[in-house]
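J.: Shown below is the structure under consideration.
The values are calculated or read from the model by the stated rules, or taken from the named source; none is laboratory data. Every value quoted in this text rests on a predicted model; they were computed, and no experiment measured them. Note that we place each Cβ from the backbone using ideal geometry, even for glycine, and neighbour counts take in every protein chain shown.
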Amino acid sequence: MNDTATLANATGAADQTRKPVLQVTGGAKIYGGVHAIEGIDFDLFAGEVHALVGENGAGKSTLCKAIAGAIQLTSGDIHVDGRRVDFGQPRDALAAGICMVYQETSLVPTMTAAQNIELGNEKLLTRFRTLNIQAQQLLQSLNFHVDPATPVALLGTAKKQMVEIARAIYNKARIIIFDEPTASLTPEEIVHFFHLVRDLRARGVAIIYISHALEESLQIADRITVLRDGRLVITAPAKSLNRDALVQHMVGRQVAQAIYQRSKAANQRREKVLTVENVTMGMVVKNMSFSVYAGEVVGIAGLIGSGRTEIAKIIFGALKRNLVNGGTIRLRGKPIRYRVPRQAIDDGIAYITEDRKANGFFETMIVDDNVYIGKLATRLGFSFLLSRARRSKLANYWVERLKINALQRKAKIVELSGGNQQKVVLAKSLGQDPSIVIFDEPTRGVDVGTIPHIHAEIRRLADEGKAVVVISSYLPEILAVSDRILVARTGRIVAEFDAAEATQDKILYAAVH
């Protein structure tokens, strides 16, 4: 499975006797008596891109966090350049040339992009002007359009990811771990990122690449390792694998080819429940108009910055449209303008955020408490405050309905896999029994085994008569779940398609031109 000949073929190395720059032997990590990873053997060579794939909870992030010094293995050894290492903290790994770019960014929100890039390498006296110039040069060399003087809290998800990547490059890491690096990037930015990865590989940098986009792993990687349930399944050259083989190794069974095929039974339109008329917010949303009906799924496609997320937040009361000439939003014919999201929740509107770590859950609470907190935000929440039985019944219902890993219900949310975290975010909002549900990137960072569950839940909500809006950058997902598809560009809705006539080419053309 991992013999020398296979390795030489995978990396293009003429010298079959060269030693790995990183090696994990017998790696195991136990949480609460349960193995997150067990008996993992993994190696990485200089100038190699080694993709790590598997379902959420397979152990990918656990293994990489151990390599990066964020956690310590329960048993097993890590060798760097043939020397055994024992990292007590990420700084130790960074000193050894190992840097991890996390899926959920680890930036300091109150500091600027330039300060975050410099973080950990500060000099005694540093001029902000010099710091900004250095950061600007680095960001421009990477084709990242980020203002270095902007506080990170004001940056979007994609630009935060760019700052993370720039920080890894700035630290001159010899081993870089990318955890879902393209999840928030536009197609054009992904092309730039792939050029960057290939450039790093040419310089001899070793890269571990974690991604749920299997096509990306097959395209960019030299070798691919598949993990399942905390154990290593296979390590093989990328050229010897395809998507179907990877999926089968990941889930241990055949998964329907039609993860992204839409249901043939489209729902009938019912009552018009939400109308957006000429809504404007600064330069981001400009005269946006559309309607949503009960019992249908409306997909909103468009590139990052097209105003998709912003219009959802305006509807929900998390952002404010212009006070003068800001347009009108009607809920069942009645004009609404929410000061705070609580008012939207009271009116039966739920918004499920694209950034689950920042806004989706309380990471130090358990599953039951997160669902409970969501219910407390409603008008009927006080009754749950007085009844433990109703609280437990509510949590049990959503754990079963969304197939949340019941074995981990007593674990803090931050300790759960990305897929289970996303299901908790859904449960917290859907437990409020909304009549309008807005999903923003519902399957971002979610594995192929969990995606059908979320898509089925979206369809189930529409079948129950709820109005559902799905915002997604991934066109196969939009085509899979939508009855009607809207395309946003530069703050406006520029096209509308019936699901039966929509294609990826038509949607992308409308989003770009």
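J.: Failed condition for F382, given (1) surrounded by 15 or more Cβ atoms within 10 Å (Cβ to Cβ); (2) in a helix (DSSP H, G or I); (3) among the hydrophobic types (A, V, I, L, M, F, W, C); (4) at pLDDT below 80, with all others met?
T.: Going through (1) surrounded by 15 or more Cβ atoms within 10 Å (Cβ to Cβ); (2) in a helix (DSSP H, G or I); (3) among the hydrophobic types (A, V, I, L, M, F, W, C); (4) at pLDDT below 80 one by one, F382 breaks only (1).
J.: Cβ-Cβ distance below 8 Å, separation of 6 or more or different chains: which pairs start in region 231-248 with a residue that is touching a residue at least 60 places away in the same chain (Cβ under 8 Å) and end on one that is hydroxyl-bearing (S, T, Y)?
T.: L232/T225; I234/T225; T235/T225; A236/T6; P237/T6; A238/S217; L246/S217
J.: Follow-up. Considering (1) in a loop (DSSP other than H, G, I, E, B); (2) surrounded by fewer than 19 Cβ atoms within 10 Å (Cβ to Cβ); (3) of a type in the set (A, V, I, L, M, F, W, C); (4) within 24 Å of the chain's Cα centre (by Cα), say which one V146 fails and leave the rest.
T.: (2)
J.: Please return the ranges of strands (runs of 3 or more DSSP E) entirely within region 1-86 where 2 or more residues are within 16 Å of E415 (Cβ to Cβ) and modelled with pLDDT under 95.
T.: It comes to 22-31, 34-44.
J.: Just need a number here: residues in region 462-479 that are free of Cβ contacts under 8 Å to residues at least 60 places away in the same chain and more than 20 Å from S306 (Cβ to Cβ).
T.: 1
J.: Scan region 204-215 residue by residue and report those that are closer than 20 Å to E189 by Cβ, of a type outside the set (A, V, I, L, M, F, W, C) and either buried (at least 23 other Cβ atoms within 10 Å of the Cβ) or touching a residue at least 60 places away in the same chain (Cβ under 8 Å) (or both).
T.: Y209, S211, H212
J.: Output the number of residues of region 74-116 satisfying the condition of being surrounded by 22 or more Cβ atoms within 10 Å (Cβ to Cβ), closer than 22 Å to A28 by Cα and free of Cβ contacts under 8 Å to residues at least 60 places away in the same chain.
T.: Matching residues across region 74-116 total 3.
J.: Which is acidic (D, E) and in the same structural domain as V425 (by TED's automatic domain parsing), of E310, E400, E354?
T.: E400
J.: Tell me, please, whether a residue that is closer than 22 Å to D369 by Cβ, among the hydrophobic types (A, V, I, L, M, F, W, C) and buried (at least 22 other Cβ atoms within 10 Å of the Cβ) can be found in region 460-467.
T.: No, that holds for no residue.
J.: Could I ask something else about it? Test N396 against the criterion of being within 27 Å of H455 (Cα to Cα), under 23 Å from the mean Cα position of the chain (by Cα) and part of a helix (DSSP H, G or I), and give yes or no.
T.: no
J.: Follow-up. Between V437, V414, which is over 23 Å from L246 (Cβ atoms) and buried (at least 24 other Cβ atoms within 10 Å of the Cβ)?
T.: V437
J.: Kindly evaluate I165 against the criterion of being among the hydrophobic types (A, V, I, L, M, F, W, C), touching a Lys or Arg at 6+ places or on another chain (Cβ under 7 Å) and either modelled with pLDDT under 85 or crowded, with 20+ Cβ neighbours inside 10 Å (or both).
T.: no
J.: What pairs come out if I take residues in region 363-381 that are farther than 21 Å from N405 by Cβ and of a type in the set (S, T, N, Q) and pair them with residues that are modelled with pLDDT of 80 or more and part of a loop (DSSP other than H, G, I, E, B) whose C-beta lies under 6 Å away, six or more apart or interchain?
T.: T378/Q432
J.: What pairs can you find where one residue is in region 323-342 and in the same structural domain as E310 (by TED's automatic domain parsing) and closer than 19 Å to R270 by Cβ, the other is of a type in the set (D, E, K, R) and surrounded by 15 or more Cβ atoms within 10 Å (Cβ to Cβ), and their Cβ atoms are less than 9 Å apart, with a gap of 6+ or different chains?
T.: Cβ pairs passing all conditions: L331/D347.
J.: Exactly one of (1) closer than 28 Å to W398 by Cα; (2) within 25 Å of the chain's Cα centre (by Cα) is unmet by L331. Its number?
T.: Looking at each condition in turn, L331 falls short on (2).
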